[in-house]
Every structure is written in structure tokens, then in C-alpha cells.
1. Could you name the aspartates and glutamates whose alpha carbon sits less than 20 Å from that of A:Lys120, not counting residues in the same chain fewer than 8 places away?
2. Rounded to the nearest 20 debye, what is the charge dipole size of chain B about its Cα centre when +1 sits on each Lys and Arg Cβ and -1 on each Asp and Glu Cβ?
3. So if I take the centroid of the Cα atoms in the stretch A:212-264 and the same for the stretch B:258-283, what is the distance between those two points in Å?
4. Considering only B:Ser34, A:Val277, A:Val15, whose Cα is most displaced toward the positive end of the charge dipole of the protein assembly as shown, charges sitting on Cβ of Lys, Arg (+1) and Asp, Glu (-1)?
5. Return the average number of partner chain Cβ atoms within 10 angstrom of each residue Cβ along peptide B:126-134.
6. Over the stretch A:64-370, what is the relative contact order in whole percent, taking alpha-carbon pairs under 8 Å and six or more residues apart?
7. Kindly report the accessible area of the protein assembly as shown per residue (heavy atoms of protein chains, probe 1.4 Å, no ligands, DNA or RNA), in Å².
8. Between B:Gly246, B:Gly294, B:Gly18, find the one with the highest GNM mean-square fluctuation for chain B; connect C-alpha pairs within less than 10 Å.
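The values are calculated or read from the model by the stated rules, or taken from the named source; none is laboratory data. Not measured: the values here are computed from a predicted model. Here Cβ is always computed from backbone atoms with ideal geometry, including for glycine, and neighbour counts include all displayed protein chains. Please note that ligands, DNA and RNA were not included when accessible areas were found on the heavy atoms of the full protein model with its side chains. Shrake-Rupley method; radii C 1.70, N 1.55, O 1.52, S 1.80 Å.
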Amino acid sequence: MPERSSDNTYFLKDVRLLDPSQGLDREGHLHIRDGKVAGIGDLEIPRSGKGPVIAGNGWVVAPGLVDVHAHFREPGFEYKETIATGSQSAVSGGFTSVCVMANTDPVNDHPGVTLDMIRKADDIGLCRVFPIGAVSVGLKGETLTEMGSLAQAGCVGFSDDGYPVRTSRLLKRALEYSAMFGKPVIDHCEDRDLSDGGVMNEGWVATELGLRGIPNASEEVIVSRDLEVLKTTNGHLHIAHLSTAGAVRLVREAKRRHLNVTAETCPHYFSLTDEAVRCHHADAKMNPPLRSEEDRLAIIEGLRDGTIDMIATDHAPHAPFEKEKEFDQAPFGIIGLETALSLGIVLVREGMLDLTSLLYLMSVRPARAFGLPRGEIREGGRADLVLFDPDGMWEAGIPSFLSRSRNSPFRGRKLPGRVMMTFVDGRKVFDRREGGS
Amino acid sequence: MDALRTPHLLTVSDLTPGEMEGIFRTADSFLDLSSRTVKKVPSLRGKTVVNLFYEPSTRTRTSFEIAAKRLSADVINITTSQSSVVKGESLLDTVRTIEALGADGVVIRHPASGVPEWISRRVGCHVINAGDGLHEHPTQALLDLFTIQKRKGRLKGLRVAIVGDILHSRVARSNIRAMSLMGISVRLVGPPTLIPKDRGDWNAEVFHDLREGISDCDVVMALRLQLERATANYIPSLKEYAKFYGISPSVLQSARPDVLVLHPGPINRGIEIQDEEGFREHSGILDQVHFGVGIRMAVLYLLMAGGNKGEGNA
């Protein structure tokens, strides 16, 4: 539970201060007071009486993580997740800001829905929730939403996620119109005609398991379309959950042409391949699907060379009774907020990324790309922070995740990187020592 | 007894070549039964076999039913039209209910790939895959191999062409595996739209020309073409498919003179099989039906007669 007491001062003692936004990486202390970062570095730590002193043990303090792509399912699907459980899941994974998708019921295509989400999140008082509005009314791909009113209500971007923006013309209008608010249009790039009812990656594993395949081209065709349309507008296109080598190439090329495009991938696309479907079944079913090893390596390369701007979770909770089904029938999606940092740290351990770059991809860059005033540690700045033990090992999801759902192919896997505490606006919103798994 | 290591038969890969030979031996001994006046043995007396069919099937369901009855098991048939499936009871609930009612074995046919395997990890009784989606149909492959062995006297070293819609065929998937295991060399013949591009460790040569594909083959296995493949543009029309891939007496001239023709049924006559009368002596299609009962008796017997429940061996 959040602390709202007068205990608004903390000293984080003997920590590794790491802020990729300013090249900060040093040992020292950090002082939080009245919601702000009051001091960084060689501070004098009071003996007593001036707020709790937290022994940092050399753990890392970094800007709170920012997820630009999650599903909190409220309103409408509270049996999968709520804003409350999603927020708990987020802060236990080190996330202080989460952008939530519009495919709720009712759809977030109306400022009333947006305001309601923000109000609820504020009442809960854990992470910041930044709603993403729908591109089209009811996600139907027909009528543009009132983007101006949605932006005024607090939407930070627009997406029909779950579906691609249906037509090229709608995408063009959305990019043109949203440009005046400086908000991105986020596309789930999938040619559903090519996906043709597929349920996993097209490839040998699908052949052998007798499951219908989704070809890489399904993603790449729409990424191409989107980039060509983007060129004709002044908008900002953000490509959701990049999963294929070809899509990485397309985005790399587009950036070379200075198009206003950003892209995210998710931890599962750099951690797993379609082989995971063999043992994790529907817990390894998401859209886009887990791809081949070649794709996985291309995604990592994209993260390394800046083609892919950020890591998002696409946290997509589904109830056990929905996933406990025939593979064909189970819904797409896995949860990700509680395992994202650890899976990133696996990449660091494998020498694919350094920790600073990882944190850049998980906080600084997403905050900047989405215009969120977050993702840095500065004196006098907002105290949205994560304290984690990069070497701490834990068993994911055992005994349980804090999310209401448990659909994760990583459940039971031993992972490095343990979030110890999370602060939002200087309030301690998560503390491993006080329980939580 | 040629016992099986596996408590379930889910895929052909559950079996070793030795176990397959054991199944064939057992099937042979049961086949003698069908020529007797009393066609029953008491091997599975007191056991209950449930045929749980989520897809229409006359041939396979009847074959399993006769097999189980000849072994003196009690047989219950559940098909989607009469079960609570239509009331929305979930698959898992259905199977757990059946188990709680005392089933010792469940023979399951389901349109979704992977369902029998998924079920087998959640129940204690034996699970036998009677065809799941596009995935596998292991007893069909066993009876196909058994038919080939009976007709050809051997398996090793033979050359088999599987013709048609490989992409959507569980029969093909099981046969490719089983045939490779038994030392048969496999060819796949069909248009590129109906052959998977990613064939991994399938040790099979691909042909698009039928005559070339079946040349020098000992066995030609035609697959059933689902008629809706034409509307989904996998093929331009049934007429064109029949023209390029229909098995007819004249086409069979390209194969070995003693070629054996198989088809898992039901046949679309005039499409994948044309003028069967013209190659009657080469057809093994009715043998497949006959031997199918023996194979299914053998599988039920070898899995269930030992008295050990599924979880014991898992």
C-alpha cells in the first residue's frame, strides 16, 4: 500500500546512482524530500530523526521505469486485471509510469473513459497511469476519435492496439490530425489477411505442431505501409511490439531517411523463440507471435543500434480459464510488468547491452518519445525511482505474480535482477521487505 | 506382451521402431479373431473406453468402437452434437467429468492441434489421439504402415509418395514421422501452396509434378482434399487439382508395376482418386479399413491391459 504519511523523506544510502539521461553512474546517496529528489551524491546521512535511512547495499537507483504499452483491462475486463492490480504489478516490477491501451469496454475513445482511468489510478496512488486513446471510435477502423478532447483529458497517444489501424487513409488522417497535439499514433502492425487465422509463428515449429502460422510478412507489410503513409504527414508514428528481422530493417531504413518514427519491442521477443510454444503452450501465445532465432537476434541488434527505441511490456493479462484451452482458442497475450527488467538484465549478463543502455531503453527513451516529464534523476526533479539489486536471483511468479493474472511463459524461471523498492513522487509505493513476492 | 513405455498415444514420436513392430505383431494376432464366429477376447473386460469426438467421423470412431468392443471393454461414444459441449462446458471440464465417471481410456478427436497432449497432462486415464487438428493421427499412420507391410512384406527400403494437401494433413504428419522411423523414404507431392515451406527435420523430397513424384514408388498415398481449399485459393479449382494431382490408372504407369495405392478416406471420388476400378488390384484402401481395427485393438490392449493407469507411467 502507498505511504501517504508525513514520512516524506528518505535517504537511500550507499547506492549506485544510474541515470542514462545525463550519463550519471556513480556510487553515493540519494535524498528524497517532499516528492522531489533533494540531493544526489556525497550527502551527509543523518543519524536519526530526519526520515528513514535505507541501506542500499550497492544496489542500483535509476529513474523509474516507463512502459508505453500495457493493458490494465479496466473498465470492462476486471476479472483479468484492474487498474489497482495492474498498478501493483507495475510498481513491483520497477515501473513508475505506465501507458494503458484503449481496448477496454467501453473503449477509451471518449474523454470520460480517459478521465475515469486517471482518477482511479490517482486514488490508488501507485504508478502513474497515462491512458492511450483509440484512433477510431470503438476500434472499428471507421471514424476518427475526438483526439483533441482525448488529449486534453490526458491521453498521451492514440492506438487501435489489438488491431492495426484499419485503412491507409485512416492512418494518414490520424497521423496528420494528431500531429497538432504532438502525440504519437501507435500501430499494431499486422496484415490480418495474411495472418489468416494463424496462432503462432509460421515456421518449422508450426509445421510440426500442426498449428496455423503467422508469417513475418504479416507484420512487415503493415510496417511498410505505415512508413510510406508517415512520409506524407508531419505525424509521429510509433510501431508497437516489433518482432521480425524484416521489420527492424524497415525501421532502420526509415530512420536513415529521418522519418518521425519510433519503435518498441517486448522482452519476450528478445528472450524467446517459437520453440517456447512446445512447452509453454498458450502461455507462449501472443500477437505478434514469438519468432525464429534469426528474428530474436535481429531484435537485439535493433536494440543495440538504436533502431528500436524502447522496451515495452505489452502486459496483456488473461484469466487462467481463458488460457486453459485449446491453443487455437486461447486468447493472445502474456503479462510482462514483473519480468521485464529481469529479462533485460539477462541481456546485460549475456553482454548484449550494458546496464545503462538497458535503463535508457526502459525509462529515458520511452518518456521522451511519449513526451512524459519522467525518466531522469535531477536535484529538484520528481522522485520517480526504482531501487533494484541487479544480481538478486528470484523465481518469476512463484508463489504468485501481483498481477491478477499469471499468463507468463517465464513463470518458474530463475531470473536475475530484483526490484527492492519503487518510489513515485517521492512516496514509497513498493517495498520488497514488506512482503509481495 | 509388447508393452509400450508411454501411457498415452499422442503422436507417432511417442513410439520407437521396436514398439511399432510390437503393435504390428499384436495387431496380427488380433486379426485372426475377425475370422472366428465369436469375435471377442476378454482382455479389457471391466474397463471403460470413451470415444470423445469433437469432429464428425464415421470411419475412425467406428473402428475404435469395434476394436474396444472386441476387447470386451465398455464403450461410450460422445460426439459434440449430443454432449454438453453445446452447452458451453469447457473441454477440460468435459474430460475431467468423463474421468470422474470412471473412464480408463479416452479416445479423442478434436479440430484443434495439441488437444490430446494437453488433456493427457491434466487427467489420470489413458489418452489416445484419434486425430487432432492439423497435428497428428497416429493410429492412421500405424494402420497405413501395417497395410504396407502386409501387402509388401516389408517396410525398410520402400519408397512412398504422399500426394495432396500436406499442409493441412495430420495423416501426412504422422506418416512422415512413422515412415522415416521405419526406414521408408518419403516423397511429398503437391502444389507449393499445400506443402509447408519449413520442413525442419522431415526427411522428405518435394515434387510438384505428380508423374515425376511417383516415379519408381512402391506406394502412393493420396490424401483427402478438403473441398474448401479451393475457396481459400490454395488451389484455383477442384477441376485443376484433379487434373494435376488425381490418381488414375494412367498416372500410375509412372510408378512401380506393383505399386500400392492408399487413401485414408473418405475419398472424394473423381478428385484425388479417379477410376479406382481401373487399378483395383493396386488399391489397398479397403485393407486399410480392415487392418485399422486390428491396429486399434493392439493400441488399446497394449496401453490399457496392463492395469496401470496413465499417471503411473508418465
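1. Candidates past the 8-residue exclusion: A:Glu3, A:Asp67, A:Glu74, A:Glu78, A:Glu81, A:Asp105, A:Asp109, A:Asp384, A:Asp425.
2. Working: 38 positive and 35 negative charges, 110 e Å.
Roughly 520 debye for chain B.
3. If you average the Cα positions of each part, the centres end up 50 Å apart.
4. Sorting the options by dipole projection puts first B:Ser34.
5. Details: counts 0, 0, 0, 0, 0, 0, 3, 7, 6.
Per-residue shielding by partner chains comes out at 2.
6. Details: 667 pairs, mean separation 52.5, N = 307.
RCO, the stretch A:64-370: 17 percent.
7. On the way: 28270 Å² over 751 residues.
Averaged over the residues of the protein assembly as shown, the accessible area is 38 Å².
8. Its mean-square fluctuation being the largest, the pick is B:Gly18.
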